[in-house]
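Colleague: Okay, handing you the structure first.
Read-outs: derived from the displayed coordinates by stated rules, not from any lab. Here the structure is a predicted model, which is why all the values come from computation and not from measurement. Methodologically, a virtual Cβ is constructed for each residue, glycine included, from the backbone with ideal geometry; neighbour enumeration extends over all protein chains shown.
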Amino acid sequence: MKLKDIYTQKDKPKISFEVFPPKEVEGNEILYSELEVLRKYNPSFISLTWGAGGKNNNSTDLITRIKKSGFEVMPHFTCVSSSKEFVKNHITTLNKIGIQNILALRGDIPADKSQICGDFQYASELVEFLKSNSDLSIGVAGYPEGHIEAESIEQDIKNLKHKVSCGADVIFTQLFYDNDLFYKYTDKIRAAEITVPVVPGIMPVLSKKQIDRMTTLARITVPNELKSALEKYDNNNDIQKFGVEFACRQCENLIKNEIKGIHFYTLNKSKSICKILDNFI
Ligand code: FAD
């Protein structure tokens, strides 16, 4: 089913899971078994990340296998290092596999500038290109606290409005730990007359290292309650237990506020996600 139809259905919020291609091929089997565990929650789709660091990668086998196993797949695609010809070939490949959706991204600017192709400067240009060259339903990224390069949230939302007007059907947000920031963001989005669904991204806390990494890469506020817990617990088991409770509260509050779906950043691990979802099913 296409993204644009998934979120117009009026039953309970749609669940989706983001996974990444394992570095080693052996990791693929672990990923498939984690996905089998998550299948019982009936996700609307699995999203598969693309070439972090701006490098093109080839996850065709992974996309094909996940799709063949009966999941809908939303592959991500970053355009910063891609030529228009590469994108056209990629669209042909996705069509052959029967993929209906894509998450259109610019990607982070690579440190090695020679990797920048120049055919696409911003994700909006990729959205426009996909719209004219495919039937894919298109998702784009949104940042509740503003993208790290943006001079202000207002400017970021102006750019988001343009990106959506190029043909995006849904906005998936960066993870956040303060729901109020998400609500302020969606208010600003609606005030800017962007009408497509905004799907919140939730990542349960698994370790201190994970939080440190995320907060250096992106603008993500860590609320005091979470900060104190990270200081208080010195082992990952306790942190994960707290992470599940915290994410449950976030989800419960989001569901009360009638969001259309929740996109879980799974980090290829099902344990915490299952504990969260068992509270809602
Ligand atoms: P854009 O929408 O192009 O925005 C990038 C910056 O440019 C923003 O600051 C924006 O305000 C500004 N901008 C946009 N248009 C204009 C304009 N016309 N003029 C001036 N400024 C403009 N990265 C990966 O490498 N692989 C992944 O699989 C991946 N998946 C992601 C999934 C989600 C849900 C999210 C939220 C992010 C993901 N990322 C991924 C990270 C993403 O690639 C980076 O955040 C990247 O730096 C920006 O990508 P974008 O598509 O948001 O870019």
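Colleague: Treat the count of other C-beta atoms within 10 Å as a stand-in for reagent exposure and order SER81, SER207 from fewest to most.
Modeller: Ordered from fewest to most neighbouring Cβ atoms within 10 Å, SER81, SER207 come out as SER207, SER81.
Colleague: Of CYS79, CYS274, CYS166, how do they rank once you tally other Cβ atoms within 10 Å and put the fewest first?
Modeller: CYS274, CYS166, CYS79
Colleague: Grab the other residues whose beta carbon is less than 15 angstrom from that of CYS274, score K and R as +1, D and E as -1, and report the net.
Modeller: Spelling it out: positives minus negatives among the neighbours equals +2.
Colleague: If you bin the C-alpha pair distances of the range 56-138 every 10 Å from 0, what whole percents do you get?
Modeller: 18, 51, 26, 5
Colleague: If you take the charge dipole of the range 1-90 about its Cα centre, with +1 on Lys and Arg Cβ and -1 on Asp and Glu Cβ, which of LEU3, ILE15, PRO43 is farthest toward its positive end?
Modeller: Projecting each Cα onto the dipole axis, the largest value belongs to LEU3.
Colleague: A further question on this structure: Give the separation of the Cα centroids, the range 183-233 to the range 25-97, in Å.
Modeller: What the calculation gives is 24 Å, centre to centre.
Colleague: Given the -39500 (n - 2.57) contribution per DSSP H run of 4+ residues, what per-residue ellipticity at 222 nm results for the chain, rounded to the nearest 500 deg cm²/dmol?
Modeller: When only DSSP H runs of four or more count, the value is -13500 deg cm²/dmol.
Colleague: What does the net charge come to around LYS84 if you take all other residues with beta carbon closer than 13 Å to its beta carbon, with K and R at +1 and D and E at -1?
Modeller: -3
Colleague: Could I ask something else about it? Using modelled amide H (1.01 Å from N, peptide plane; none on Pro or chain starts), what sits under 5 Å from the amide H of ASN101, excluding residues fewer than 5 places away?
Modeller: Close amide H contacts, sequence-distant or interchain: SER137.
Colleague: Return the sequence-ordered ³J(HN,Hα) values of the range 195-201 in whole Hz as given by the Karplus equation 6.51 cos²θ - 1.76 cosθ + 1.60 applied to θ = phi - 60°, using x for Gly and Pro.
Modeller: Running phi through 6.51 cos²θ - 1.76 cosθ + 1.60 with θ = phi - 60° gives 10, 6, x, 10, 9, x, x Hz.
Colleague: Out of all Cα-Cα pairs in the range 1-127, roughly what percent, to the nearest whole number, are more than 21 Å apart?
Modeller: 43
Colleague: By its C-alpha gyration tensor, with a ≥ b ≥ c as the square roots of the eigenvalues, how is the range 99-169 shaped: rounded for a/c under 1.5, else prolate for a/b larger than b/c, else oblate?
Modeller: Judged from the Cα gyration tensor, the range 99-169 comes out oblate (a/c at least 1.5, b/c at or above a/b).
Colleague: How long are the semi-axes of the equivalent ellipsoid of the chain, taking √(5λ) for every eigenvalue λ of the Cα gyration tensor, in whole Å from largest down?
Modeller: That gives 27, 22, 20 Å for the three semi-axes.
Colleague: Per 0.36 nm of contour for each residue apart, how much would the distance between GLU231 and ASP212 grow if the chain were fully extended, relative to their Cα-Cα spacing?
Modeller: Gain on stretching GLU231 to ASP212: 5.6 nm.
Colleague: Of ASN237, HIS76, VAL205, which is farthest along the charge dipole of the chain in the positive direction, counting Lys and Arg as +1 and Asp and Glu as -1 at C-beta?
Modeller: HIS76
Colleague: What nm distance separates the two modelled labels at SER83 and ASP187, each placed 7 Å from Cα along Cα→Cβ?
Modeller: A separation of 4.9 nm, rounded to one decimal place.
Colleague: Out of residues 5 or more away from ILE202 or on other chains, whose amide H comes under 5 Å of its own, with H placed 1.01 Å from N in the peptide plane?
Modeller: HIS263, PHE264, TYR265
Colleague: For LEU105, LEU267, LEU217, what's the fewest-to-most ordering of other Cβ within 10 Å of each Cβ?
Modeller: Taking fewest neighbouring Cβ atoms as first place, the list is LEU217, LEU267, LEU105.
Colleague: Just to verify a number: FRET efficiency for GLU151 and LYS131, C-beta to C-beta distance, R0 = 45 Å, to 0.05?
Modeller: Rounded to the nearest 0.05, the efficiency is 0.95.
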